[in-house]
Each structure stands twice: as structure tokens, then as C-alpha cells.
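We did not get these values from a lab; they are worked out from the coordinates using the rules stated. Note that the structure is predicted; figures quoted are calculated from it, not measured. Using ideal geometry, Cβ is built from the backbone for each residue, glycine included, and neighbour counts are taken over all protein chains shown.
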Amino acid sequence: MSINRVVISGNLTRDPEMRATTSGMQVLSFGVAVNDRRRNPQTGEWEDYPNFVDCAMFGTRAEAVSRYLSKGSKVAIEGKLRYSSWERDGQRRSKLEVIVDEIEFMSRGQQGEAGGYAPAPSYGQQGGYAPAPAPQQAPAPMAAPVPPAVDVYDEDIPF
């Protein structure tokens, strides 16, 4: 068994780039910087070390999402890893990227009391903006229908 799931949160390192495949499918490419905190052995201080992750999103969602992203945007992403290799100018090249299944925009302007980020609209598998449904009271339980009573001693029923 193998599991290929990735969840990251970080800031876009560049403006997203929209292109289309030869078959016409939209492809959105962007990079996300994710910090890793490590202690500096010389100073003993904690420091942020960035990891740069290439991401790609496909289809009509890619086009819709591209309107809301720009360099510096904070996002949370869920997806899967994909390894690609190719040859260019006689040299073998490869990369590991995240194929985005879910993306949530994190708004810097709405910091909560703990200093976190309030979630903004997200685009998921269903293909469009879906705001969270408002809480609703559950309907009152309905009584199950009771079948009519049958008199087993009815004279019209032959035995």
C-alpha cells in the first residue's frame, strides 16, 4: 500500500502562470514557499529555512483560481506529488511538484486573536466557490408511517 497526499501552507513565490495543453486543458503553475524552523548550530537561535514547492492545477478550476492569486498570496493546499523527468539540450532534468486537488486562500488582513489567518474562499474538487453552509436547526423527527392493521381472522381471506 502507498499513500500519496501532501498538505502545505505558505506564500506564493511568483505570480501564477496560466497556459493550456495541446488538447485545450487549462494548466495553472505557481510556486509556494514553506518555511522550516531549525536551530542555527553557531548562534543557537531558531531560524526559518524556506522550501520552494512547485504546484500545478488543471481544468476550469485553474482558470477560476488564477484570478485570485498573486505573488505573496497565502494559501493552504492539499494534493499529491508527481515526479516528472525530461531531457533538454542533452541534459536530463527532473522535478517533483504538487498536483493541487484543494486550495484555500488564507487572508492576511483578518488575523485572529491568536495571530492566525482566517480562511477565505476555497476551490475544491466540485469545481467552484462553495461558501460554508449556514448552521441550521435539524428538522423535527417524523413518525414512521404505521401500516393499517390487518385482522387475521377476517372471513374474506381464504386459508
Select from region 54-105 the residues that are of a type in the set (S, T, N, Q) and touching a residue at least 40 places away in the same chain (Cβ under 8 Å) and write down the one among them that is farthest from Thr13 (Cα to Cα).
Thr60
Of the conditions (1) touching a Pro at 6+ places or on another chain (Cβ under 9 Å); (2) under 12 Å from Val100 (Cα atoms), Phe58 fails just one. Which one is it?
(1)
Restricting region 70-108 to residues that are touching a strand residue (DSSP E or B) at 6+ places or on another chain (Cβ under 6 Å) and not in a strand (DSSP E or B), which is surrounded by the most Cβ atoms within 10 Å (Cβ to Cβ)?
Ser73
Tell me which strands (runs of 3 or more DSSP E) are completely within region 1-69 and hold 2 or more residues being charged (D, E, K, R), or say none if there are none.
17-20, 26-39, 46-58
